[in-house]
Amino acid sequence: MKKLEGRTAVITGAASGIGKGIAIAFAREGAAIVVADRVNEAQAAEVLAGIRQNDVEALFVHTDVSDEESVRSMAAQALDRFGKVDILVNNAGIFTESLIENMAIDDWDRVVNTNLRGTFLCTRALIGQMLERGDGRIINIASQLGQIGGGAAGHYSASKAGVIGLTKSLAREVSTRGVLVNAIAPGPIQTPLLDSETEEWRSGKLAELPIGRFGTVDEVTPTAVLLASAGGSYYVGQTLGPNGGDVML
Ligand SMILES: NC(=O)c1ccc[n+]([C@@H]2O[C@H](COP(=O)([O-])OP(=O)(O)OC[C@H]3O[C@@H](n4cnc5c(N)ncnc54)[C@H](O)[C@@H]3O)[C@@H](O)[C@H]2O)c1
């Protein structure tokens, strides 16, 4: 028996990296998938094919998670097509580097609005129907930089710390009503997001990582499958850390 048979998952930012890996891992476990990403559908062709290979349905919805109307429309299209959304993975995120002393307000706003406001907007749009059914899972992709801070990444760290705080608060609000909310805070994972880092940052990070290497998407997806499936039924408001030892709590 597949772990997510009959379930429908909305995964934001699923055209690339960690979101793409989670989408395909969920599809392998039998879930129908809504790929909600700001890229166009052609740029999401690979993930859509990867999902459909598993004989489950895939719907692409062009979405900007930081935009209220865009998120409202994404939720309506997902519900129209599938009738319910059981799992929401708030994964869409961006990273830029800047010292606070030089940071442009636009840069702050873009990062916080995508990573934190986006998580709030998508959650607000889809949690009502989960609560009505008394059944749902929300998985927020935070970052270890939300736990330990990151040099030249104050906006990113603040947004991800905010995601962790939102995860805990929401978990307190809804857990007795059948909706479980948790976060994943990955360490440095090889995706296009990490490619934007400088060589200096990469060598410094490698030197301090206890495991001595960056992680792969496939080392994050099993945690998402756990939190989305029956085996994750006693996780509430947690932040799980596939991070190579970068953070030890
Ligand atoms: N890669 C890492 O080392 C790492 C570490 C910790 C946390 N994370 C987090 O994991 C998540 C995924 O990152 P990734 O490494 O896979 O990056 P990625 O750049 O490969 O993928 C991010 C995806 O999000 C989409 N996206 C960006 N802004 C969007 C918006 N406004 N609306 C809808 N979609 C949007 C992009 O189009 C892209 O498909 C992010 O939240 C990131 O902060 C990544």
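The values are calculated or read from the model by the stated rules, or taken from the named source; none is laboratory data. Please read all numbers here as calculations on a predicted model, not as lab measurements. When we count neighbours, we look across all protein chains shown, and the Cβ atoms used for this are built from the backbone with ideal geometry, even at glycine.
Restricted to the stretch 27-45, and to residues that are part of a loop (DSSP other than H, G, I, E, B) and either among the aromatic types (Phe, Trp, Tyr) or surrounded by fewer than 24 Cβ atoms within 10 Å (Cβ to Cβ) (or both), which residue is nearest to the chain's Cα centre (by Cα)? Per the stated criteria, the residue is Arg38. With respect to the stated conditions, Ala78 fails to be in contact with a Cys (Cβ under 9 Å, 6 or more places away or on another chain), in contact (Cβ under 8 Å) with a residue 40 or more places away in the chain and either in a helix (DSSP H, G or I) or under 21 Å from Ala142 (Cβ atoms) (or both).
Restricting the search to the stretch 125-164, which residues are in a loop (DSSP other than H, G, I, E, B) and within 16 Å of the ligand (Cβ to nearest atom)? Walk me through it before giving the result.
Pass one, the stretch 125-164, residues in a loop (DSSP other than H, G, I, E, B): 134-135, 142-144, 149-152.
Once the filter is applied, which keeps residues that are in a loop (DSSP other than H, G, I, E, B) and within 16 Å of the ligand (Cβ to nearest atom), the stretch 125-164 yields Ala142, Ser143, Gln144, Gly149, Gly150, Gly151, Ala152.
Within 19 Å of Met248 (Cβ to Cβ), in contact (Cβ under 8 Å) with a residue 12 or more places away in the chain and in contact with a Ser or Thr (Cβ under 7 Å, 6 or more places away or on another chain), is that true of Leu145? Answer is yes for this residue.
Considering every residue within the stretch 193-209, establish whether at least one is of a type in the set (S, T, N, Q) and at pLDDT 95 or above. No. Close contacts from the stretch 152-168, counting a first residue that is touching a residue at least 24 places away in the same chain (Cβ under 8 Å) and a second that is among the charged types (D, E, K, R) and not in a helix (DSSP H, G or I), with Cβ to Cβ under 6 Å and a gap of 6+ residues or different chains, come to Ala152/Glu97.
For the stretch 46-66, a tally of residues being buried (at least 24 other Cβ atoms within 10 Å of the Cβ) and outside any loop (DSSP other than H, G, I, E, B) returns 2.
State whether one or more residues within the stretch 118-141 are in contact (Cβ under 8 Å) with a residue 60 or more places away in the chain, farther than 26 Å from Ala45 by Cβ and in contact with a strand residue (DSSP E or B) (Cβ under 6 Å, 6 or more places away or on another chain). Break it down stepwise before answering.
Quick first cut of the stretch 118-141, residues in contact (Cβ under 8 Å) with a residue 60 or more places away in the chain only: 118, 122, 126, 137, 139, 141.
Next cut, farther than 26 Å from Ala45 by Cβ only: 137.
Now narrow it down to the ones that are in contact with a strand residue (DSSP E or B) (Cβ under 6 Å, 6 or more places away or on another chain): 137.
Yes, the conditions are met somewhere in the stretch 118-141.
Select, from Thr198, Thr239, Thr167, Thr176, the only residue that is within 16 Å of the ligand (Cβ to nearest atom), over 19 Å from Thr119 (Cα atoms) and of a type in the set (S, T, N, Q). Selected residue: Thr198, the only one of Thr198, Thr239, Thr167, Thr176 that is within 16 Å of the ligand (Cβ to nearest atom), over 19 Å from Thr119 (Cα atoms) and of a type in the set (S, T, N, Q). Counting just the residues of the stretch 203-249 that are acidic (Asp, Glu) and not in a loop (DSSP other than H, G, I, E, B), which one comes out surrounded by the most Cβ atoms within 10 Å (Cβ to Cβ)? Ranking the qualifying residues of the stretch 203-249, first place goes to Glu219.
Answer yes if at least one residue in the stretch 169-182 is closer than 30 Å to Gly204 by Cα, touching a residue at least 12 places away in the same chain (Cβ under 8 Å) and aliphatic (A, V, I, L, M), and no otherwise. Looking for residues that are closer than 30 Å to Gly204 by Cα, touching a residue at least 12 places away in the same chain (Cβ under 8 Å) and aliphatic (A, V, I, L, M), one finds none in the stretch 169-182, hence no.
The residue list Ala104, Ala32, Ala58, Ala36 contains one member that is touching a strand residue (DSSP E or B) at 6+ places or on another chain (Cβ under 8 Å) and under 19 Å from Ile184 (Cβ atoms), which is Ala36. Evaluating Val181 against the criteria (1) away from the ligand (no atom under 12 Å from the Cβ); (2) more than 23 Å from Ala9 (Cβ to Cβ); (3) not in a helix (DSSP H, G or I) leaves one unmet condition, (2).
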